[in-house]
């Protein structure tokens, strides 16, 4: 009887609950023209209960009495409606002014400008859906797969410390020819000078020092903008807009691994916003922690497998022969209990790394339409680069008592990045006024482990402090702007001034990291005028030829230390005039003065004409410049490169050095550019946007790194020959304004969002077809015989063919109920690299490698367990694209490998992610 009583009780409760629910129905239309809206999402706020409107815009939903309905659709502002006692609710949704093009900050100082009515091309990329669905986790890789004109690959394609960074390019131009802003304010660069990869001899922006979870959106201005923003903006501007959300905690955790179980990546983040006061103030803070395991080279399982002699003496200079055969090597390997994979090359895969990042964005409203704002953060990152194994048979580089099986040296980079922006903005007599100061500093530490200074013999340490360097930037700005709506059809006037101080410092390492232990002084016997005999020091000589300094990267010498600064004063004016309802004309003029090389003036003109409400044409003309970075003036270093499998010690001389001047290279001067662009914009449907733009950028006097001058050349000046002896190197290279270039291209973007079936579909398409060519080479007078060394084939390939000339991205995201699906494929065109085989005079030999085009396909599926929790699983490189090994010349190399400069692909890479919102 008791069981039946319980059953009746639960039936009664269920009946009461059912009776409290009721059915609500209605119709949803557009507020502007009354058209019905199918596919509108209708949900009960705070639950997973929901439906969507049918083809006639009608809906019906059963829900509890005390509920709030949420109506949302792409292209319209969301609307919340308390249920009350109504059973029929008709809704009119207002078209969003922020449909597909968020109101932009970059490229225009008109506060209401959007990307489609801009006279220059601007991409506005919402980061949130990519953070939830895309396999990539860093901001550079997220942008690499969605922005056709943006290019960045794994930093390990660069050498040494550059492997810790993923530098970015726009439109195929240099990594130092793009400017980065945060919340519209100039950001500081990395202090590192990169070798190899995308930025040979260049400094760039370390975007990955900003936590991905702190970013709301990224705006990419694909047009020269030096007249608006100053130095570096030759190719365009990347503006990172930080999050402002309050009262929401977002947690995210992602893990992925490569197909061979190497290169495992994890990234965990937390973002929370606090309301400050009751008038819209906020403090949004982000903490992020990431790890990355070391990985093998991209490509097949035998990528980076060493094929030459291992244990034989002089293995660095000899191949197998009748005396030292491959069979002898194999027998020694077997006796040691190891195989050839023990000596695999690692450089070119991902580094072992740990990142800890903190960032914030805040504002407090004041009275009289003003607010105080601040943003910035700190990151501490460690990165371990492992390069080419130093084999036991490399007798000039190894000590068999310390390392009987050779050694794999590590470069341990510790990178600390700090930034802080503070400002106040408001209105004064109708003018928008913004007073700000932004400070940023980047510190790079270099420790060398598991290494040796062979010239010191058994006295050599195995761990070295190789020195440090840092760079800082402090920028004070005062900006004014105002929109005059009654002048013509509206005029926006902006002007301002800026004062910037940049610093650069190199700190020497410990003596063992750079010294050459077998270097002995040379004396000659001389006599005084009175006939007294004495010894005169005339130089030094190396006695045993053992490699000096810490292997992989020698330390900075006391003579390399610098602590320099320069000041820049700038003023600008920026005008936008709507001459008619459909015709926009804009122009900017900027004058800058650099304390180290004087004045630079740039200007820009741009226009857009709306042929109809959905079709417009636009064009621009600009002049630009890039000031050589302080590091390019003063940086000097000693490192090891590999030519035909042989290790070669090289020195890079500072542009200010005596050796540079003696050879005939002048002081660096600014790069100058001229850019042209013409394009069309179209919006054929409410939620569809299309843009096509053609462009040409001419850059004169680009700063490059020369090829290698050889120590065997007896015609080199005494200062250069002394440099070889002092550093124990056999080749030298120099910074110089060595060439001019022309970049031509066509880029297109398209996006479409629509309700379909019971969900919403978002499509994205984009492409960039670019061609770079060298238009002239600057050979200093007296160095004509060295023309193929001053601008060599390696440098030519870096600026013309080292990045894909074609890139196409196709992406779709479909959301239905609790599920979100992503399918994306990206086409990376062919690339050709050039690697030095020697320093032969007058024309060195190079190995050219052409990599065929590849398609990289990503897929993911996300599921919402609740409104607060979503899980996503997926795969990067679903089709397991490994790279191109079809070049028969690869068989002649001792380390046949594919350097993943197209996209850094290492084959299929699954991932899993959890995202929670509270």
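No lab work stands behind these numbers, since they all come straight from the coordinates. None of the values given here were measured: they were computed from a predicted structure. Note: ideal-geometry Cβ built from the backbone for every residue, glycine included; neighbour counts use all protein chains shown.
Before moving on, here are some points about what is shown:
- The distance between label points at residue 245 and residue 322 comes to 7.5 nm (points 7 Å beyond Cα on the Cα→Cβ vector).
- For the range 754-790 versus the range 229-251, the gap between their alpha-carbon centres in whole angstrom: 23
- Centroid-to-centroid separation of the range 151-225 and the range 817-882 [C-alpha atoms, Å]: 18
- Here the range 226-367 carries DSSP beta bridges of which approximately 95% are antiparallel, counting only pairs with both residues inside.
- Fewest-first ranking of 833, 317, 872, using other Cβ atoms within 10 Å as the exposure measure: 317, 833, 872
- Equivalent ellipsoid, the chain (semi-axes from 5 times Cα gyration tensor eigenvalues, Å): 55, 34, 25
- Full extension of the chain between residue 914 and residue 725 gives 62.3 nm of extra length, using 0.36 nm per residue less the Cα-Cα distance.
- Separation in nanometres of the label points that stand 7 Å from Cα toward Cβ, at residue 712 and residue 302: 3.2
- Fully extended contour minus Cα-Cα distance, from residue 276 to residue 77, at 0.36 nm per residue: 69.1 nm
- Extending 7 Å from Cα along the Cβ direction at residue 865 and again at residue 840 yields two label points whose distance is 6.5 nm.
- Net length available on complete extension from residue 614 to residue 126 is 173.4 nm, with 0.36 nm assigned per residue and the Cα-Cα distance removed.
- Sequence of 444, 385, 597 once ranked by neighbouring C-beta atoms within 10 Å, starting from the fewest: 597, 444, 385
- Modelled label reach - residue 459, point 7 Å along Cα→Cβ, the range 377-416 residues with backbone N closer than 20 Å: 396-403
- Per residue, the average separation of C-alpha pairs within less than 8 Å and at least 6 apart gives the chain a relative contact order of 11 percent.
- Computed helical MRE - 222 nm, the chain, DSSP H runs ≥ 4 contributing -39500 (n - 2.57), nearest 500: -2500 deg cm²/dmol
- Distance-filtered residues of the range 838-857 - backbone nitrogen under 20 Å, label point 7 angstrom along residue 785 Cα→Cβ: 838-845
- Looking at the chain alone, DSSP beta bridges between its own residues are antiparallel in about 95 percent of cases.
- Per-residue Cβ neighbour rank within 10 angstrom, fewest leading, 796, 278: 278, 796
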